[in-house]
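Scroll down for the structure; my scribbles are underneath it.
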Amino acid sequence: KFQVGKEVREHGLVEEFDPQLNCHVLDEEKLLDHLEDRMNSDSGGVIVDYHGVDFFPERWFDFVIVLRCSNTLLYDRLEQRGYDPHKIRENIECEIFGSLLEEAKDSYKEEIIHELQSETVDQMHANIDYMCQMWQRIRYGVRWKPDERLALAIRALNLKSVKTVNISLDPLYSGNLSIRTFWHSILSPKVRLTNPAVKVSAQIRNDRQPPFFIATLGKDVQFLLFPLTSSSSTSFCPRVAV
């Protein structure tokens, strides 16, 4: 977990001191450079804790969590921390107008943004459980939603460890929409620039069976098999073979 405030203080990632708000002004470029290597690691599992999101690269995050609470409770919390009255007022105004939520919606796809109430200990525990469940879906493929499966499959092809992708389909099979969408996505300039060495091939069958694709990876995982069902245009069911 990266607490941005702590990282900024410990590494001097500031531009100047704001006497009115009684705090340092963040140097966003220095912070991004400071976090770049760790955030781009394939291992993932990183939580970034901060009160703003608009300057972080969209590619860094699978989920964006916006915590909310009542204005009265927020005022009491900030007062107990010894915040300056002007700084408290600015924070309260942001909460009233939902500024951080709108900032998140302007910066990221709405489907990855989650607004959670965080006032009581029970709510905090429930929020932690909820975030852990979301992480499990991404990390292990448990209880994936169809859109998450498609997004994860496409995102996986951005990794440099992917060597080849073989698409197999029967053109006369009725449920080919998802594989066509997927084929178009992996041949897009964005994906090709991320991994220009990946080789994409296709196998045409005549067996009236559902389409699928195989992605050959590195040494640890030989391939990932993603069958596609005809019930949903984005229904992936991952299987791993080692």
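Structure data summary
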| read-out | value |
| --- | --- |
| Residue in the range 6-27 that is nearest to Phe55 (Cα to Cα), counting only those that are part of a strand (DSSP E or B) and either in contact with a helix residue (DSSP H, G or I) (Cβ under 9 Å, 6 or more places away or on another chain) or small (Gly, Ala, Ser) (or both) | Leu26 |
| Cross-chain or 6+ apart pairs with Cβ under 8 Å, the range 102-131 first and β-branched (Val, Ile, Thr), then at pLDDT 90 or above and in a helix (DSSP H, G or I) | Ile113/Leu101; Ile113/Ala104; Ile113/Lys105 |
| Qualifying residue in the range 44-67 (condition: exposed (fewer than 11 other Cβ atoms within 10 Å of the Cβ), without any contact (Cβ under 8 Å) to a residue 12 or more places away in the chain and in a loop (DSSP other than H, G, I, E, B)) | no |
| Any hit, the range 192-200, residues being modelled with pLDDT of 80 or more and part of a loop (DSSP other than H, G, I, E, B) | no |
| Failed condition for Glu36, given (1) free of Cβ contacts under 8 Å to residues at least 12 places away in the same chain; (2) touching an Asp or Glu at 6+ places or on another chain (Cβ under 8 Å); (3) more than 24 Å from Cys94 (Cα to Cα) | (2) |
| Flag for Ala126 being touching a strand residue (DSSP E or B) at 6+ places or on another chain (Cβ under 9 Å), under 20 Å from Phe56 (Cβ atoms), in the same structural domain as Cys23 (by the TED database) and not polar (S, T, N, Q) | no |
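Per-residue answers, yes or no, for (1) part of a helix (DSSP H, G or I); (2) touching a residue at least 12 places away in the same chain (Cβ under 8 Å); (3) within 30 Å of Met39 (Cβ to Cβ):
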position	(1), (2), (3)
Leu74	yes, yes, yes
Glu79	yes, no, no
Gly82	no, no, no
Ile92	yes, yes, no
Leu100	yes, yes, yes
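The values are calculated or read from the model by the stated rules, or taken from the named source; none is laboratory data. Source: prediction; values computed, not measured. Positions of Cβ are generated from backbone atoms using ideal geometry, with glycine treated the same way; all protein chains shown enter the neighbour counts.
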